[in-house]
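Structure record follows, encoded as structure tokens.
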Amino acid sequence: MVLGRQGLWLEAWKFSVYLMVPIVASVAFNDPERQKYWADYFQFLKYPANPNTNIREQFEQQLEQYEKEKEQRKVYREQLKRLQEQAAASSSSSSYATQEKTN
């Protein structure tokens, strides 16, 4: 802890910062447009779905979408597997062809 005049200045500085931060923030964020921007940016307000929405239909749609994505991932994995097999086969045949040329 600092004693004397320097300690008094330090405490005055800390107190002024303590007061100024909320005051400046209040002035800066008091504009309604700015409040709306930051509320949307951080998504502070998330309202629940419409109470008239049929939850069962919503879950069925989500399940259907999940099943479609699952099938698409399966097809994609099969395509990648075939491409890798073709690449392995072509690299082994090309290495065989280069061996034939050297002999």
Segment 3-25 residues that are free of Cβ contacts under 8 Å to residues at least 12 places away in the same chain, paired with ones that are surrounded by 10 or more Cβ atoms within 10 Å (Cβ to Cβ) (beta carbon under 7 Å, 6 or more apart) = L10/V2
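Filter segment 35-72 for residues that are among the charged types (D, E, K, R) and either exposed (fewer than 10 other Cβ atoms within 10 Å of the Cβ) or at pLDDT 90 or above (or both) and give the result. Quick ask: steps written out before the conclusion?
Initially, segment 35-72 is screened for residues among the charged types (D, E, K, R), giving 36, 40, 46, 56-57, 60, 64, 67-71.
Within segment 35-72, K46, R56, E57, E60, E64, E67, K68, E69, K70, E71 qualify.
The values are calculated or read from the model by the stated rules, or taken from the named source; none is laboratory data. If you're wondering where the values come from, they're calculated on a predicted model, not measured in any experiment. Backbone-built Cβ (ideal geometry, glycine too); neighbour counts: all protein chains shown.
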